[in-house]
1. Measure off 7 Å from each Cα along the Cα-to-Cβ vector at Glu127 and Gln14, then give the distance between these two points in nanometres to one decimal.
2. When DSSP assigns beta bridges and you keep just the ones with both residues in region 91-130, what percent turn out antiparallel, to the nearest 5?
3. Hey, how many Å between the Cα centroid of region 49-84 and the Cα centroid of region 94-114?
4. Calculate the dipole size of region 1-70 relative to its Cα centre from +1 charges on Lys and Arg beta carbons and -1 charges on Asp and Glu beta carbons; express the result in debye to the nearest 20.
5. With a 4.7 Å Cβ cut-off, tell me which Cys residues in the chain come up empty for a partner.
6. Which lysines, on any chain, are close to Lys16 with Cα under 29 Å apart, when same-chain ones fewer than 8 places away are left out?
7. Here are several values of Rg and Dmax of the Cα atoms in Å: [x] 40.4, 114; [y] 16.6, 55; [z] 16.0, 55. Which one was derived from the coordinates shown?
8. Can you check what the Kirkwood hydrodynamic radius comes to for region 3-82, Cα pairs only, in Å to one decimal?
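Please treat every number below as a calculation from the coordinates, not as lab data. Please read all numbers here as calculations on a predicted model, not as lab measurements. Note that each Cβ is placed from the backbone with ideal geometry, even for glycine, and that neighbours are counted across all protein chains shown.
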Amino acid sequence: MTIDEAWRILLEHQYKRTKNRETILQFFSDNNRYMTALELKNSMETDNPGISFDTIYRNLATFTELGILEETELSGERHFRMQCDHGVHHHHFICTACGTTKSIPHCPMEHITVNLPNFEVEGHKFEVYGKCPQCL
């Protein structure tokens, strides 16, 4: 997702264009990997020393709810990244060392549902964890 696409979504939902939101969107656009709220806060404190976790988490929740950011949990901590293909079903390989992601175009659900007769699958999330070539 581009920053322009993110702003279109935010404005469609009546969210104002603020300096904090601009900074957050730029941060995730510049970092093509999963990032924590603490990493975002540390980055923002240079220009905005008083930024609170409340402000950061409120914006992260809004961006995730609107489909601008994707969220996952690594080592018990929430991580976020810019939505890579808005509206397109996909999965990820996620490096547990640096958060780098790689899209996985194949969905394994067609093979899994064969083993679930008489069940109705309502949704799923498939992530593969390991080390990327740079972290090996």
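1. 3.2 nm
2. Beta bridges within region 91-130, antiparallel portion: roughly 50 percent.
3. 20 Å
4. Dipole about the Cα centre, nearest 20: 160 debye.
5. Cys84, Cys98, Cys107, Cys135
6. Cross-link targets: Lys41.
7. For Rg and Dmax of the Cα atoms in Å, the calculated option is [y].
8. Answer for region 3-82: a Kirkwood hydrodynamic radius of 12.7 Å.
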